Amino acid sequence: MSVLDLLYYPDERLHQKSSPVTEFNEELNNLVENMFETMYMEEGIGLAAPQVNIFKRIIVIDVENEKKPENQLVLINPEIIAKEGEAGIDEGCLSVPGLRSHIDRAEKVTVKAQNLKGETFEVKADGLLAICLQHEIDHLNGVLFIDYLSPMKRNLYRTKAAKLTKARKKQAQEAR
Ligand SMILES: [Zn+2]
């Protein structure tokens, strides 16, 4: 297993739409394992493939963040087929570090997806899982939670993001 490199806002690649997965093979299994590894390393509760520079419709979720296999959700080619109610929390994103903001979401969602074997299943979710599913599926369509904020808030964050990028590059250089 290995930890993958994340893409960070304002990297334009994060706004790219991902394509459906058509082959359910060993490569897909390995990618999903590495995505979980990366997500736990970064202390996230969800990760979408485009965040690690792979533009395929794959998401991994573990809202408990306890690394228990029974809580790990893998959704390939997920699609929201029903939405209900209104909810919203302060969301954050591994690709948008240092920012949390309230986003309006549906309270409950039903998602249709495929598992690692290519079998179709449905998840009915509410609470944090419902929000996480909407956030991660947005990534597959090239949408980030920051895109819902006002241009003023986005610009403010861009300044912060530039500083964070600089700090990250410096750290990477020192680690070499
Ligand atoms: Zn995210």
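The values are calculated or read from the model by the stated rules, or taken from the named source; none is laboratory data. None of these values were measured; they are calculated from a predicted model. Counting neighbours? That spans all protein chains shown, and the Cβs are built from the backbone with ideal geometry, glycine included.
The table below gives the values:
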item: One residue from 172, 82, 125, 167 being at pLDDT below 95 and closer than 30 Å to residue 28 by Cβ; result: 172
item: Pairs with Cβ under 9 Å, 6+ apart, first in the range 140-158 and closer than 15 Å to residue 90 by Cβ and in contact (Cβ under 8 Å) with a residue 40 or more places away in the chain, second surrounded by fewer than 16 Cβ atoms within 10 Å (Cβ to Cβ) and of a type in the set (D, E, K, R); result: 146/153; 148/104
item: Test: residue in the range 95-117 that is surrounded by 11 or more Cβ atoms within 10 Å (Cβ to Cβ), of a type outside the set (Phe, Trp, Tyr) and in contact with a Pro (Cβ under 6 Å, 6 or more places away or on another chain); result: yes
item: Restricting the range 114-130 to residues that are touching a residue at least 12 places away in the same chain (Cβ under 8 Å) and of a type in the set (A, V, I, L, M, F, W, C), the residue that is farthest from residue 65 (Cα to Cα); result: 116
item: Qualifying residue in the range 76-86 (condition: within 13 Å of the ligand (Cβ to nearest atom), within 15 Å of the chain's Cα centre (by Cα), within 16 Å of residue 131 (Cα to Cα) and assigned to a strand (DSSP E or B)); result: no
item: Residue in the range 118-125 that is crowded, with 19+ Cβ neighbours inside 10 Å and either farther than 18 Å from residue 60 by Cβ or more than 14 Å from the chain's Cα centre (by Cα) (or both) present; result: yes
item: Condition broken by residue 52, with the remaining ones in (1) under 17 Å from residue 78 (Cα atoms); (2) under 15 Å from the mean Cα position of the chain (by Cα) satisfied; result: (1)
item: Top-ranked residue in the range 87-103 [being without any contact (Cβ under 8 Å) to a residue 24 or more places away in the chain and assigned to a strand (DSSP E or B); ranked as nearest to the ligand (Cβ to nearest atom)]; result: 90
item: Test for residue 17: is it out of contact with any Asp or Glu (no Cβ under 8 Å at 6 or more places or on another chain), closer than 29 Å to residue 153 by Cα, touching a residue at least 24 places away in the same chain (Cβ under 8 Å) and away from the ligand (no atom under 16 Å from the Cβ); result: no
item: Residue in the range 44-58 that is without any contact (Cβ under 8 Å) to a residue 40 or more places away in the chain, buried (at least 17 other Cβ atoms within 10 Å of the Cβ) and closer than 19 Å to residue 148 by Cβ present; result: no
item: Selected residue (only one of 122, 174, 136, 70 is charged (D, E, K, R), closer than 24 Å to residue 22 by Cβ, assigned to a helix (DSSP H, G or I) and out of contact with any helix residue (DSSP H, G or I) (no Cβ under 8 Å at 6 or more places or on another chain)); result: 136
